[in-house]
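Some notes on the structure that comes next.
Where a number appears in this text, it was derived from the coordinates with a stated rule and is not lab data. All of these numbers come straight from a predicted model, not from anything done at the bench. Every residue, glycine among them, receives a Cβ derived from its backbone with ideal geometry; neighbour counts consider all protein chains shown.
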Number of protein chains: 2
Amino acid sequence: MDIQALVRDLARKTDSKIVLLVMDGLGGLPIEPLGKSELEMAKKPNLDKLAKASVLGMADPVGRGITPGSGPGHLALFGYDPVKYLIGRGVLEALGIDFPLKHGDLAIRVNFCAVDDKGLVTDRRAGRISTELNAQLCAKLKAKVKISGAEYFLEPVKEHRAALVFRAPGLGDKINDTDPQVEGKPPLPMKAQDAAGEKTGKLAEQFMVQAREVLKDERPANMMLLRGFANFVKYPSFDEIYKLNACAIAQYPMYKGLARLVGMEVKEVGPELEDLFKCLEENWARHDFFFVHVKKTDSAGEDGDWARKVQVIEKVDKLIPRVTKLKPEVFIITGDHSTPSSMKAHSFHPVPVLISTELSRKDPTREFGEASCKLGGLGRFKMKYLMSLAMAYALKLEKYGA
Amino acid sequence: MDIQALVRDLARKTDSKIVLLVMDGLGGLPIEPLGKSELEMAKKPNLDKLAKASVLGMADPVGRGITPGSGPGHLALFGYDPVKYLIGRGVLEALGIDFPLKHGDLAIRVNFCAVDDKGLVTDRRAGRISTELNAQLCAKLKAKVKISGAEYFLEPVKEHRAALVFRAPGLGDKINDTDPQVEGKPPLPMKAQDAAGEKTGKLAEQFMVQAREVLKDERPANMMLLRGFANFVKYPSFDEIYKLNACAIAQYPMYKGLARLVGMEVKEVGPELEDLFKCLEENWARHDFFFVHVKKTDSAGEDGDWARKVQVIEKVDKLIPRVTKLKPEVFIITGDHSTPSSMKAHSFHPVPVLISTELSRKDPTREFGEASCKLGGLGRFKMKYLMSLAMAYALKLEKYGA
């Protein structure tokens with residue numbers, strides 16, 4: 001079922017407000033010998049109090065057994081089928097640095113690399129050059145490389161990574177990476193699979209011929225590898241689909257980029273956890289949907305530091321009353337995927353979901369955790385249905401059929 | 001969502017091992033006055049111990065309310081959408097006798113029947129002739145019937161049933177059965193719905209004209225009815241999709257055939273329950289996926305013999321330690337469908353699933369049974385997702401998207 005198409009037909013503008021608080025990588029696994037997950041171990045009186053008056057559930061971001069990246073994880077949260085709307089890596093890289101992509105742009109990930117006299121790659125990452133050197137190289141390239149037939153943009157990302165964007169009509173992304181994946185080989189020639197890809201290939205070739213010349217005397221980065229060719233397709237916006245005037249409160253570029261992708265207004269926000277909630281309060285009157293993104297639960301999980309993940313959850317818990325005081329009609333707390341600290345990585349395990357609303361059948365649970373969410377009234381569902389639930393609980397959907 | 005296409009993109013080869021133990025027709029219904037199913041009534045300390053450290057769930061082989069045959073039931077277990085990959089009855093008949101079908105073959109179920117002087121069917125099954133007589137008739141037909149435009153194969157199955165296979169390019173299966181379904185009527189003429197079906201129809205007509213002549217003096221079977229015309233389409237293999245080197249340990253032709261259909265290596269195995277586990281041990285080093293099939297749970301259910309079904313489960317239970325000693329990363333125990341002994345037939349009830357893995361959120365259950373599976377962490381899911389779960393728990397899937 002294309003739930004988003006259905007919701008689009010039924011959505012209506014009302015005064016009710018929705019807060020979606022995403023704790024990145026929230027789901028966990030039991031930590032032995034305690035047998036409880038990070039979320040279950042945390043002292044979180046406010047979240048537990050909220051859970052008592054909420055409906056809980058478990059959601060699969062993409063599908064059973066599928067471990068999502070941050071892109072698919074967030075698209076699902078925003079109600080976009082993450083299989084239909086797969087974001088290419090080049091696009092994600094450009095979004096990550098807040099590059100203002102336009103519909104039809106062709107985005108490519110760039111690795112600065114090192115090649116020897118014969119043109120064989122000796123270091124695929126050029127010793128992970130500094131971001132400063134990266135920025136200097138990008139500036140030099142932009143000053144010297146001239147492309148005909150398209151506008152181009154080259155922006156440093158971090159260390160050896162940059163983003164290259166071509167803007168012209170009819171560019172395709174069916175074209176291979178030039179990264180040979182191993183050292184001691186030359187960059188791969190670009191081969192397109194269709195006419196649109198060939199058009200992109202010719203632009204990229206023009207670019208590379210000049211870039212090679214510009215970089216030849218640089219050390220250690222005297223060459224570039226191109227990866228993840230991807231078309232940017234404009235997404236239907238939150239306003240178009242949900243009639244929501246959505247606001248994104250996130251501190252990391254990737255998540256701001258994802259929010260911008262679906263037409264949210266991205267706010268400036270300070271670096272502390274508290275700043276997220278301050279920003280929410282300041283913008284409360286001006287929006288009806290708020291996406292608030294907490295990154296550090298995921299970082300702690302990825303580092304395998306369960307104690308730190310517990311601490312982040314506890315810190316968020318202390319800030320929860322600042323949301324409830326605002327009295328949103330719908331307050332959702334969940335994650336974009338699980339990141340069990342025992343696995344030190346994103347995982348395929350479903351994600352706990354809490355929806356606080358006056359209109360729910362309350363669950364007889366005493367806490368917000370994986371075990372209680374498993375038994376919750378929302379049951380087990382695909383995360384792409386979260387937005388239809390949010391809209392429904394906020395009374396923002398008309399009746400379907402007569 | 002085409003989960004198999006997604007899994008195919010994400011699958012990677014690793015050293016971890018998966019065991020899929022299928023107890024055919026495992027699911028049951030409560031037996032009064034005890035109120036417990038066959039599985040719940042069985043004394044099964046090993047399965048219950050395993051359940052305590054596992055994640056449980058309930059799976060629908062095809063969909064809610066749909067009673068699956070063995071073909072769809074197993075395809076779903078193997079991750080092939082059983083609605084997309086419906087196996088035609090002719091193909092299933094041929095697979096059931098291990099006939100080596102090739103891509104494009106057209107397989108037909110044959111009933112030997114009796115007709116009177118006017119050609120009206122007097123017995124649609126010719127009094128269920130013996131399999132021996134069936135084999136003699138098939139041999140006689142093969143010696144005398146000559147077909148132009150195709151190779152053909154005719155093999156006895158059991159009693160009055162045989163399999164007829166045509167091998168030629170461009171044969172279609174859109175053609176009706178000749179079985180009139182009632183006695184006192186002549187066999188129906190074959191009418192094809194398209195050109196490919198007509199090509200098949202002409203071959204079948206050629207065959208039937210001669211067969212009628214060959215059989216005319218035979219008693220009681222002097223005619224044949226053709227049913228279940230079906231094309232055999234080569235399936236993408238386990239190796240292609242999952243990068244698994246799969247091994248099938250099954251004692252009955254149908255299940256060997258189904259395993260061969262998806263490219264598993266089918267092992268020779270003795271007739272006893274124990275032989276299945278011996279075969280597993282002997283082949284442990286050479287494969288990374290093992291499909292082990294226990295038939296007798298289903299047979300007992302079909303016979304309405306709940307006590308025998310309980311006994312079979314208890315016997316399997318005693319053999320479980322021989323699997324756990326091998327330390328598979330993922331050990332799955334489930335059925336291909338339910339066969340409640342109170343119904344004496346396959347049923348539409350969902351099937352209990354147990355997944356034993358170190359990466360699961362353990363369920364707080366004390367036993368493996370329908371009631372505990374209903375509350376399990378896997379929730380209720382379509383069986384076609386089982387393989388994505390197996391692959392995920394075995395850490396054989398890359399992350400989806402960045």
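³J(HN,Hα) across region A:279-291 via Karplus (A = 6.51, B = -1.76, C = 1.60, θ = phi - 60°), whole Hz, x for Gly/Pro?
4, 4, 4, 5, 9, 3, 6, 9, 9, 10, 9, 10, 9
For the modelled label position 7 Å from the Cα of A:Lys216 along Cα-to-Cβ, which residues of region A:117-139 have backbone nitrogen atoms closer than 15 Å?
A:117-120
Given label points at 7 Å from Cα along Cα→Cβ, what nm distances, shortest first, separate B:Ser342 from the same residue in every other copy?
Its label point is 3.8 nm from the equivalent points in the other copies.
Antiparallel DSSP bridges in the protein assembly as shown: what percent, to the nearest 5? Before the final figure, lay out the partial values.
On the way: 72 of 117 bridges.
Of the beta bridges lying entirely in the protein assembly as shown, close to 60 percent run antiparallel.
Between A:Pro220 and the same site in the other copies, what are the distances in nm, shortest first, taking label points 7 Å from Cα along the C-beta direction?
Result for A:Pro220, in nm, nearest copy first: 8.7.
Find the centroid of the Cα atoms in region B:121-148 and in region B:199-247, then give the distance between the two in whole Å.
14
Once amide H atoms are placed 1.01 Å from N in the peptide plane, what residues at a sequence separation of 5 or more from B:Lys17, or on another chain, have their amide H within under 5 Å of its amide H?
Here B:Glu329, B:Val330 satisfy the definition.
So what is the relative contact order for chain A, in percent, with contacts set as C-alpha pairs under 8 Å and at least six apart?
Details: 945 pairs, mean separation 137.7, N = 402.
Reported relative contact order: 34 percent.
Below 13 Å, Cα to Cα, which aspartates and glutamates can A:Lys13 reach? Residues fewer than 8 away in the same chain don't count.
Here the aspartates and glutamates satisfying the reach criterion relative to A:Lys13 are A:Asp239, A:Glu240, A:Asp288, A:Glu398.
Round to the nearest 0.05 the FRET efficiency obtained for A:Asp9 and A:His103 when R0 = 22 Å and r is the Cβ-Cβ distance. Spell out each step's value before the answer.
Working: r = 23 Å, r/R0 = 1.06.
That pair, A:Asp9 with A:His103, gives E of 0.40.
Between B:Val233 and A:Glu274, what's the calculated FRET efficiency when r is the beta-carbon distance and R0 is 45 Å? Round to 0.05. Write out the running numbers ahead of the final one.
Numbers: r = 60 Å, r/R0 = 1.34.
For R0 = 45 Å, the calculated efficiency reads 0.15.
Computed over the Cα atoms of region A:1-141, what is the convex hull's projected area averaged over all directions, in nm²? Each step should come with its number before you reach the end.
Numbers: hull surface 64.3 nm².
For the Cα atoms of region A:1-141, the hull's average projected area reads 16.1 nm².
Which residues does the label zone of B:Ile66 cover in region A:367-398, counting backbone N under 20 Å from a point 7 Å along Cα→Cβ?
Hits in region A:367-398 for B:Ile66 at 20 Å: A:382.
On a straight-distance basis, which lysines could pair with B:Lys202 in a cross-link, Cα separation under 17 angstrom, same-chain partners fewer than 8 positions away excluded?
Partners found: B:Lys146, B:Lys174, B:Lys191.
Using a 7 Å offset from Cα along the direction of the beta-carbon, what are the separations from B:Ala143 to the same position in each other copy, nm, ascending?
With the label placed 7 Å along Cα→Cβ, B:Ala143 yields 9.5 nm.
Run the reach check for A:Lys118 against aspartates and glutamates, Cα to Cα strictly under 17 Å, same-chain hits fewer than 8 apart removed. What comes back?
List returned: A:Asp179, A:Glu183, A:Glu213, A:Asp217, A:Glu218.
Say we join alpha carbon atoms closer than 10 Å with springs in a Gaussian network model of chain B; which of B:Ala392, B:Ala285, B:Ala168 then has the biggest fluctuation?
Result: B:Ala285 has the largest fluctuation of those listed.
With a ≥ b ≥ c the root eigenvalues of the C-alpha gyration tensor of region B:345-389, is it rounded (a/c under 1.5), prolate (a/b larger than b/c) or oblate?
Numbers: a/c = 2.30, a/b = 1.28, b/c = 1.81.
Note, shape of region B:345-389 comes out oblate.
Could you pull out the trypsin sites (Lys or Arg not before Pro) across region A:358-402 that fall in loop regions by DSSP (anything but H, G, I, E, B) with no more than 10 other Cβ atoms inside 10 Å?
On the way: sites: A:Arg361, A:Lys362, A:Arg366, A:Lys374, A:Arg380, A:Lys382, A:Lys384, A:Lys396, A:Lys399; in loops: A:Arg361, A:Lys362, A:Arg366, A:Lys396, A:Lys399.
Passing both the DSSP loop test and the Cβ count: A:Arg361, A:Lys399.
Could you give the length gained on full extension between A:Met1 and A:Arg128, defined as 0.36 nm per residue of separation minus the Cα-Cα distance, in nm? Could the numbers behind the result be given before it?
Details: separation 127, 0.36 × 127 = 45.72 nm, distance 4.54 nm.
Extending this stretch completely gives an extra 41.2 nm.
Residue by residue through region A:297-304, what is 3J(HN,Hα) from phi via Karplus (6.51 cos²θ - 1.76 cosθ + 1.60, θ = phi - 60°)? Round to whole Hz and write x for glycine and proline.
Residue by residue, region A:297-304 yields 4, 5, 4, 5, x, 5, 7, x Hz.
Before rounding to the nearest 500, sum -39500 (n - 2.57) across all DSSP H runs of length at least 4 in chain A and divide by the residue total; then give [θ] at 222 nm in deg cm²/dmol.
Details: 14 runs with 135 residues, N = 402.
For chain A, the value works out to -9500 deg cm²/dmol.
Using alpha carbon centroids, what distance separates region B:72-113 and region A:251-327, in Å?
So the two Cα centres are separated by 54 Å.
With a ≥ b ≥ c taken as the square roots of the eigenvalues of the C-alpha gyration tensor of region A:210-276, please select rounded if a/c is under 1.5 and otherwise prolate if a/b is larger than b/c or oblate if it is not? Walk me through the numbers on the way to the answer.
Working: a/c = 4.87, a/b = 1.86, b/c = 2.62.
Oblate, since a/c reaches 1.5 and b/c is not below a/b.
Loop-only GluC sites (Glu not before Pro) in region A:201-309, please: DSSP not H, G, I, E or B, and at most 16 other Cβ atoms within 10 Å.
Numbers: sites: A:Glu205, A:Glu213, A:Glu218, A:Glu240, A:Glu265, A:Glu268, A:Glu272, A:Glu274, A:Glu281, A:Glu282, A:Glu302; in loops: A:Glu218, A:Glu268, A:Glu272.
Here the GluC sites (Glu not before Pro) that fit, given the DSSP loop and packing criteria, are A:Glu268, A:Glu272.
Using amide H atoms built 1.01 Å from N in the peptide plane, name the residues 5+ places from B:Ala59, or on other chains, whose amide H lies under 5 Å from its own.
For B:Ala59, the qualifying residues are B:Val351, B:Val353, B:Phe381.
Any idea how far apart A:Asp117 and B:Arg286 come out in nm if each label point goes 7 Å out from Cα toward Cβ?
Computed distance between label sites A:Asp117 and B:Arg286 equals 5.4 nm.
Can you quote the Å³ per residue value for the convex hull of the Cα atoms in the protein assembly as shown, rounded to an integer?
Working: hull volume 167.4 nm³, N = 804.
Dividing the Cα hull volume of the protein assembly as shown by its residues yields 208 Å³.
With a/c under 1.5 counting as rounded, go ahead and sort region A:241-300 into rounded, prolate or oblate using the C-alpha gyration tensor (a ≥ b ≥ c being the square roots of the eigenvalues; past the cut-off, prolate if a/b is larger than b/c, else oblate). Show your work: numbers first, answer last.
Numbers: a/c = 2.21, a/b = 1.32, b/c = 1.68.
Judged from the Cα gyration tensor, region A:241-300 comes out oblate (a/c at least 1.5, b/c at or above a/b).
What are the chymotrypsin sites (Phe, Trp or Tyr not before Pro) within region B:30-93 that DSSP puts in a loop, where the Cβ has at most 12 other Cβ atoms within 10 Å? It would help to have the intermediate numbers written out before the result.
Numbers: sites: B:Phe78, B:Tyr80, B:Tyr85; in loops: B:Phe78, B:Tyr80, B:Tyr85.
Sites meeting the loop and neighbour criteria: none at all.
Which value in nm describes the separation of the simple spin-label points at B:Asn245 and A:Leu359, placed 7 Å from the Cα toward the beta carbon?
Distance between label points: 5.7 nm.
Order these by the 10 Å Cβ neighbour count, fewest first: B:Asp117, B:Asp317, A:Asp98.
With the fewest neighbours first, B:Asp117, B:Asp317, A:Asp98 line up as B:Asp117, A:Asp98, B:Asp317.
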